[in-house]
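Notes follow once the structure below has been shown.
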Amino acid sequence: MEILKVSHLCKTYGTGEARVEALRDVSFSLQRGKFAAVVGESGSGKSTLLNCIGALDTPTSGEITLAGQNLFGMKENARTIFRRRSIGFIFQSFHLIRELDVEDNLIFPLLLDHRRPDRAHVEELLDVLGLKNRRHHLPDQLSGGQQQRVAIGRALITKPMLVLADEPTGNLDSKSSQDVVDLLRQASRRYQQTILMITHNVNLTGNLDRVLQVTDGVLTDLGGVRA
């Protein structure tokens, strides 16, 4: 089942001599439960691509559909609600709330949406993430790898169709980085969630379903071991 479809996406900043084509006619699709990565040099356009897919930025032209819904065919308020319920975000800098413990950080997106947490799902995520014995710890009491695990759980708690991970291993050592990628792969298999990860570390892409490369705004599909 196709979850994400990007069609002829273009993003341009500035005009005249200051004009920059950040994305140039980008098209690709992802199936449900697939784990893909976008690689590229700094300034290549990969973060712009992720921001457009996550409806955090507006493309200049082209179309993005998620489960058949045209993201930019919606009114802004409807798009905000759809994004909150359908897309999970994982950032390089964790963005945990320092005053909340692990469990409360985990369920925070549900509370923002006025939804009651599914206790069984919360317990399952804490177990999968290896955080059951850290559930009442504050972020400052966790290692960087543990904080990123909380951020992953926070992205998964709403059971989104798509998870977007922006350099999720950028602040971690090599072992923690591999642990994070392994957790994301497990989530894609266990919960059939589609995951798109930006990374500059090509060593983390060896066993992914798809690897996409962005160079000067142009996307190339490099395939994958199970593509």
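Computed values, structure above
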item	result
Per-residue ³J(HN,Hα) for segment 2-11, Karplus 6.51 cos²θ - 1.76 cosθ + 1.60, θ = phi - 60°, Hz, x for Gly and Pro	6, 9, 10, 9, 10, 10, 6, 6, 10, 9
Mean accessible surface per residue for segment 169-208, computed with a 1.4 Å probe while every protein chain stays in place, in Å²	44 Å²
Segment Ala18-Arg115, length gained on full extension (0.36 nm per residue, minus Cα span)	30.4 nm
Antiparallel bridge percentage (DSSP; both residues within the chain; nearest 5)	50 percent
21 Å tail of the calculated P(r), segment 1-88, as % of Cα pairs	31 percent
Cα convex hull of segment 55-142 - mean projected area over all directions, nm²	7.5 nm²
Helix 174-190 vs. the chain, principal-axis angle (Cα, 0 to 90°, nearest 10)	90 degrees
Per residue value of the accessible surface for segment 1-100 (all protein chains in place, 1.4 Å probe), Å²	53 Å²
Accessible area of the chain belonging to carbon and sulfur atoms, whole % at 1.4 Å probe	46 percent
Loop sites in segment 68-139: GluC sites (Glu not before Pro), DSSP, at most 12 other Cβ within 10 Å	Glu99
Segment Ala78-Ser174, extension gain: residue separation times 0.36 nm, minus the distance between their alpha carbons	30.6 nm
Rg in Å to one decimal, and Dmax rounded to a whole Å, for the chain via C-alpha atoms	17.4, 57
Trypsin sites (Lys or Arg not before Pro), loop per DSSP, at most 13 other Cβ atoms within 10 Å - longest free stretch of the chain	116-225
Overall Cα dimensions of segment 140-218 - principal axes, largest extent first, Å	41, 27, 22
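The values are calculated or read from the model by the stated rules, or taken from the named source; none is laboratory data. Everything numeric here is computed off the predicted structure, so don't read it as measured data. Glycine also receives a Cβ, built like all others from the backbone with ideal geometry; neighbour counts cover every protein chain displayed. All accessible areas refer to the heavy atoms of the entire protein, side chains included, with ligands and DNA or RNA removed. Shrake-Rupley method; radii C 1.70, N 1.55, O 1.52, S 1.80 Å.
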